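All of the numbers you see were taken from the coordinates with simple rules; none came from a lab. Computed from a predicted model, the values in this text were never measured in an experiment. Note that each Cβ is placed from the backbone with ideal geometry, even for glycine, and that neighbours are counted across all protein chains shown.
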Amino acid sequence: MEQYYLLGNEAIAHACLESPVDFVSGYPGTPSSEVIDVLRSHSDRAYYIEWSVNEKVALENALAAAWCGLRALCTMKHVGLNVASDALMTSAYTGVTGGLVIMSADDPFAHSSQNEQDSRCYAHFARVPCLDPSTIQEAHNMIRDAFALSEEFGLPVIFRPTTRICHSKGDVEMGDIVQSTRRGEFKKDPRQYVVIPAHTRILHKKLNEKQPAVKKRLVELGYNTCTLKGKKAVIASGIAASYVQELLPDTISFMKIGAYPIDEAWLSGFVQKHDMVLVIEELAPEVEEQVLQVAGTANVLGKKNGYVPYEGELSPQSVAVILTKAGVLSANPYPAVSPVQNLPPRPPILCAGCLHRAAFYAIKRVFKDAIYPSDIGCYTLGLQLGVVDTTICMGASITVASGIAHAGETRDIICTVGDSTFLHTGIQGLMNAVYNGADITVVILDNRITAMTGHQPNPNTGVTACGIVSPPVSLDAICRACGVAFVETVDPYDITGMMNVLRDAQSRKGVKVIIAKQQCVISARRAGVKRGKYRVDAEVCTGCGICVQFGCPAIEMEDEKARINELCSGCGVCAQLCPSGAMMREGKR
């Protein structure tokens, strides 16, 4: 075994190579994205890999590969599991032949997510095993065990790392990369794979019959462990277990839960030996509820009586507060820390030259008193520009806009959605809006990439996950096929042209689609695109501040004059906005 200092997602990816994996699919979502990014970077790979159009598609692809006897990994973030849940619930009935591991990365504290849901709840609901790592090393080891566990019981296995596991670094002992010799072959068995009611009732019974053996096997794997020390006990799961172990006095019993479902007899045997049991876990009270069911006379402390928060991310400091409040620690060992005062705020911001800022500026100028439903992506930052009124989930901007229109709202409704998000779940909403006669304007912000999660390609990019050239889809053709009569593509860097197209759309009834098309500035820079930066002629500049109000981080005020800094990408929008003509491309007079 060699030891390396790795990001959690790098360790997870390497464990897949050790397993070895045969088939990889997923949809990019922070904090899970780097796993596929790492796997696709291996030039000697013998496995299939793809970025799928959405999580449901990804899981159904991986499930089919597992039916063919291959080891399959499907990656997503926790909200992606909502999209894939239709396939997930039935995959527990059909089962698998090859190992199927579903990596659903949770995001406590919602660092980059619209909610804090807990993927363990889906595992409980679907009655499939769930592995919940407490360290990066354990995350690596669990992946290898997850494939074997899946094959042993013929069930998908959910692997649930959190942001703190995925995006932290640590020393990891790794094994050798193994080349798979498996060959996929689908063996027909309609009673197993055709879930008509007559088959489903039998498959459900078989799924329930697997549960006792699964629970016992998870204890044997060593991810659920306990030590008896006294009459007080702490039970913890996931990353919280690591924090507890750093702080726990030697006189307190400890149980670590790293795998679900939990064996009730084993859990009961531990809990009922104690007078007080404190349960510490992030998000849902999955462990706590099971402890309460077997508690007997033990006093159970946790979320339900206010000792542990239901929301947010735990830390060593917050766990110390919990342990102190419960009387496990006599005092909090961490000193009180006060944040430094009067630091300037650093909110997330659109990049200098981002097409979204220009598009939003034009939208705000034309649709002045409108409602602005938006979506999941970089463009959600349009909130800072006053052009985002709603954000729910992938693809929801179009359906929300349609719903508001049919609710009788008389103001203009103009929604925004990214190209990847539109392909993910926006197309159905557009079809529905046209079919049911909604009066809305849809702006597809087409930057040719899935930017927010790390610049992964999508069917609009023109290359696959492995960099193989692929025919890009035509957003224009898709929209027309959905029945939209007014479809216009415009360069958002051309502010006048963009505003003219918006005014044309505003004057029409029904569903109108505008495709604001311009390459992501980061992708353009990586591709070597050079537009030439802009500068300000200080003698011409009047210091009116209109350019600064545009919000581009490349523009600032210095000595009451505008100044363009090194962040400039050369989009030229500022030159179109400047009323005095003080902005010009470098090298020009």
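A few notes on this one:
- Of the residues 323, 398, 126, the one whose Cα sits farthest towards the positive end of the charge dipole of the chain is 398 (charges of +1 on Lys and Arg Cβ, -1 on Asp and Glu Cβ, taken about the Cα centre).
- Ascending count of other beta-carbon atoms within 10 Å, so fewest first, for 360, 367, 147: 367, 147, 360
- Three-way shape label, the chain, alpha-carbon gyration tensor, a/c 1.5: prolate
- If R0 is taken as 30 Å, the Cβ-Cβ distance between residue 181 and residue 42 corresponds to a FRET efficiency of 0.95.
- For the chain, the residue among 457, 475, 24 whose Cα projects farthest onto the positive side of the dipole built from Cβ charges is 475.
- Contact order, relative form, for the chain: 11 percent (alpha carbon pairs under 8 Å, 6 or more residues apart, mean separation divided by residue count).
- Shape of the stretch 534-585, Cα gyration tensor, a/c cut at 1.5: rounded
- Length-normalised contact order of the stretch 76-166 in % [C-alpha pairs under 8 Å, at least 6 apart]: 41 percent
- Per residue of the chain, the DSSP helices (runs of n ≥ 4 H) give a summed -39500 (n - 2.57) that works out to -10500 deg cm²/dmol at 222 nm.
- For trypsin sites (Lys or Arg not before Pro), the sites in the stretch 344-386 that DSSP calls loop and that have at most 16 other Cβ atoms within 10 Å are 368.
- Residue order for 470, 113, 268, fewest other beta carbons within 10 angstrom first, comes to 470, 268, 113.
- Applying 1/(1 + (r/R0)^6) with r as the Cβ-Cβ distance of residue 202 and residue 305 and R0 = 35 angstrom yields a FRET efficiency of 0.25.
- Additional length obtainable on full extension of the chain from residue 567 to residue 188, 0.36 nm per residue less Cα span: 130.6 nm
- Evaluated with a Cβ-only charge set (Lys, Arg +1; Asp, Glu -1), the stretch 2-220 carries a dipole of roughly 1040 debye about its Cα centre, given to the nearest 20.
- Sequence ranges 14-27, 474-487, 187-200, 79-92, ranked by mean other-Cβ count within 10 angstrom, highest first: 14-27, 79-92, 474-487, 187-200
- Residue exposure sequence - 559, 537 - by fewest surrounding Cβ within 10 Å: 559, 537
- Here the spin labels are modelled as points 7 Å beyond Cα on the Cα-Cβ line, and at residue 546 and residue 85 they lie 5.0 nm apart.
- Over all other residues within a Cβ to Cβ distance under 12 Å of residue 38, the charged ones net out to -1, with Lys and Arg as +1 and Asp and Glu as -1.
- Considering only the stretch 2-220, percent of DSSP beta bridges that pair antiparallel, nearest 5: 25 percent
- Relative contact order, percent, the stretch 534-585 [alpha-carbon distance under 8 Å, six or more residues apart]: 47 percent
- Whether the stretch 225-325 is rounded, prolate or oblate, judged on the alpha carbon gyration tensor where a/c under 1.5 counts as rounded: rounded
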